[in-house]
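Note sheet for the following structure.
The values are calculated or read from the model by the stated rules, or taken from the named source; none is laboratory data. Here the structure is a predicted model, which means the values were calculated and not measured. Methodologically, a virtual Cβ is constructed for each residue, glycine included, from the backbone with ideal geometry; neighbour enumeration extends over all protein chains shown. All accessible areas refer to the heavy atoms of the entire protein, side chains included, with ligands and DNA or RNA removed. Shrake-Rupley method; radii C 1.70, N 1.55, O 1.52, S 1.80 Å.
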Amino acid sequence: MAEQDLSSKVDDLKVTENAAEAVNDDDDDQVVDPWNVVTKSDKGVDYDKLIKRFGSTKIDQALLDRFEKVTGKPPHHLLKRGIFFSQRDMHQILNRYEAKKPFFLYTGRGPSSGSMHMGHLIPFMFTKWLQEIFDVPLVIQLTDDEKFLWKDLKAEQALKLSYENAKDIIALGFDKDKTFIFSDMEYIGSCPAFYRNMIKVQKCVTFNQVKGIFGFGDSDCIGKISFPSIQASPSFSNSFPHIFGDRKDIPCLIPCAIDQDPYFRMTRDVAPRLGYPKPALLHSTFFPALQGAQTKMSASDANSSIFLTDTPKQVKTKINKYAFSGGGTSVEEHREKGGNCDIDIAYQYLTFFLEDDERLQQIREEYSSGKMLTGELKKELIGILQKLVADHQEKRKTVTDELLKEFMTPRKLKWGGKDS
Ligand code: TRP
């Protein structure tokens with residue numbers, strides 16, 4: 001862009017090089033990208049290593065303290081417990097909040113199956129809390145186009161999955177007046193401003209660069225190669241003229257799991273060249289599979305996941321049968337040596353869903369010392385998840401097609417007590 005000087009161009013190039021380095025190398029013992037999460041360690045992914053490799057910043061106590069000071073609310077348990085553990089430019093967002101300057105939230109989901117699982121809930125539960133404390137507009141992208149391109153799905157099926165997943169998301173209690181949910185297949189064709197941003201991003205990124213960032217190869221279809229421009233575009237406020245008019249200077253904050261960071265490294269790289277602010281990010285760890293923290297929960301493996309459609313009995317059976325235990329092999333051994341919370345999946349899940357800090361600490365102590373048995377620990381988790389899943393199913397029943405349509409209709413949103 002003409003108004004940009006050469007030094008910032010050089011800067012941009014440097015970022016791109018870093019992004020290229022971030023691609024997984026073969027001899028590493030962990031693989032983390034938007035399509036794979038696997039590690040050899042039973043403690044799970046080494047997140048400090050990821051922060052280093054991706055070049056993001058660890059969320060430290062100072063940021064948590066500032067969060068509390070600025071918003072007047074104690075940090076969410078997912079923040080306090082380090083489940084949201086990494087960030088980019090979060091201080092800038094807090095500065096804006098303090099200065100009463102606008103920003104918005106952006107998150108998304110690739111609708112790959114009709115039924116969402118517990119792991120999918122985490123970023124949305126957290127985003128809902130952010131929306132409440134900041135009182136800002138939220139846009140939720142459903143990438144049915146992405147799933148169409150990557151999976152064996154018909155376009156029409158993928159769109160249907162968007163609607164099904166949107167109902168689950170709405171059931172979490174998002175504020176209709178402040179939330180716009182959109183399907184890529186539906187919205188992009190109706191919004192020239194969004195499409196313009198896509199091609200602007202496409203013009204800034206070479207095939208070589210996306211190869212470096214995402215590992216695309218010569219035989220990947222060209223849809224995949226240009227897809228990152230679609231996930232990048234909602235970061236820019238003028239992609240939503242019904243909410244922000246033609247303002248292009250309103251930054252967004254993106255809560256997401258860390259495997260989505262490659263998309264946003266690329267977005268942050270091109271934003272200044274387009275005259276747009278860079279998106280800020282809050283990254284979460286992965287929600288581990290029942291079988292252990294070596295991989296994340298996956299909707300395509302029914303036994304690795306607790307689904308939001310599971311019956312109380314299924315919840316109980318899956319946890320009792322599959323949840324990897326850090327306990328002793330016999331009651332005697334367990335009583336003597338205690339359990340290992342760091343690898344115990346039932347305990348790990350409690351850190352996501354049991355909000356009561358004191359109770360969690362008590363369980364940790366009792367399980368580690370051997371006083372609490374694996375069966376007792378699992379029973380505690382089963383009770384919590386059965387209630388959560390049953391409550392969710394009740395709420396989802398109240399989400400009508402009409403309500404769904406309202407959430408998915410481009411319209412003005414309310415924020416800071418005002419209309420946009
Ligand atoms: N690619 C994501 C997925 O497969 C979906 C997504 C689109 C997303 N935009 C996002 C996730 C922004 C987090 C934040 O789930």
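Using Cα springs under 10 Å in a Gaussian network model of the chain, which residue among 384, 306, 319 shows the largest mean-square fluctuation? Highest fluctuation of the listed residues: 384. Were the residues from residue 224 through residue 247 laid out at 0.36 nm apart, the gain over their Cα-Cα distance would be 5.4 nm. Kindly identify the range 227-340 as rounded, prolate or oblate by the Cα gyration tensor criterion: order the square roots of the eigenvalues as a ≥ b ≥ c, call it rounded if a/c is under 1.5, otherwise compare a/b with b/c, prolate if a/b is larger, else oblate. Taking the square roots of the gyration eigenvalues as a ≥ b ≥ c, the range 227-340 is prolate.
Comparing 380, 406, 358 in a Gaussian network model of the chain where C-alpha atoms under 10 Å apart are linked, the largest mean-square fluctuation is found at 358. Using only Cα atoms, tell me the angle between helix 357-369 and the longest principal axis of the chain; keep it within 0 to 90° and round to the nearest 10. For helix 357-369, the angle is close to 50 degrees.
Under the criterion of Cα pairs below 8 Å and six or more residues apart, the relative contact order for the chain equals 20 percent. Using heavy atoms of the protein chains and a probe of 1.4 Å, the accessible area assigned to residue 401 is about 100 Å².
Comparing 178, 167, 69, which has the greatest mean-square fluctuation in the GNM of the chain with Cα pairs linked when under 10 Å apart? With Cα springs under 10 Å in the chain, the top fluctuation among 178, 167, 69 is at 69. Between the helical axis of 192-204 and the longest alpha-carbon principal axis of the chain there is an angle of about 90 degrees.
The angle separating the long axis of helix 261-274 from the principal Cα axis of greatest extent in the chain is about 20 degrees. Applying the criteria of a DSSP loop state and at most 10 other Cβ atoms within 10 Å to the trypsin sites (Lys or Arg not before Pro) of the range 122-164 yields 154.
Ignoring ligands, DNA and RNA, please state the percent of accessible area on the range 314-420 from carbon and sulfur, probe 1.4 Å. Show your work: numbers first, answer last.
Working: 3000 of 6010 Å².
Using a 1.4 Å probe with all protein chains present, the range 314-420 comes out at 50 percent carbon and sulfur.
Positive contributions from Lys and Arg (+1) and negative ones from Asp and Glu (-1), summed over other residues with Cβ under 12 Å from the Cβ of residue 128, come out at -1.
Taken along the Cα-to-beta-carbon direction at a fixed 7 Å, the label points for residue 190 and residue 206 span 3.9 nm.
When a/c reaches 1.5 or more, the comparison of a/b and b/c decides; with that in mind, is the chain rounded, prolate or oblate per its Cα gyration tensor?
On the way: a/c = 1.60, a/b = 1.46, b/c = 1.09.
Here the chain falls in the prolate category.
In this rough spin-label picture, where each label sits 7 Å from Cα along the Cβ direction, the residue 152-residue 101 distance is 5.1 nm.
A simple spin-label model places pseudo-atoms 7 Å from Cα toward Cβ; at residue 405 and residue 52 they are separated by 5.5 nm.
Look at the dipole of the chain built from charges on Cβ: of 330, 90, 242, the Cα furthest out on the positive end belongs to 242. First compute the accessible area of the range 32-97 with a 1.4 Å probe, then give the percent of it belonging to carbon and sulfur atoms. Carbon and sulfur: 49 percent of the exposed surface of the range 32-97. In the full protein context, the chain carries 45 Å² of accessible surface per residue, based on a 1.4 Å probe and ignoring ligands, DNA and RNA.
Is the shape of the range 143-271 best called rounded, prolate or oblate, per the rule: a/c under 1.5 gives rounded, else a/b larger than b/c gives prolate, else oblate, with a ≥ b ≥ c the square roots of the Cα gyration tensor eigenvalues? Don't jump to the answer; show the numbers that get you there.
Working: a/c = 1.66, a/b = 1.17, b/c = 1.42.
Oblate, since a/c reaches 1.5 and b/c is not below a/b.
Shown here for the range 311-420: chymotrypsin sites (Phe, Trp or Tyr not before Pro) in loop regions (DSSP other than H, G, I, E, B) with at most 14 other Cβ atoms within 10 Å, of which there are none. Which of 297, 272, 285 sits closest to the plus end of the dipole of the range 257-303, meaning its Cα is farthest towards the positive end, when Lys and Arg get +1 and Asp and Glu get -1 on the C-beta? Of the options given, the answer is 272.
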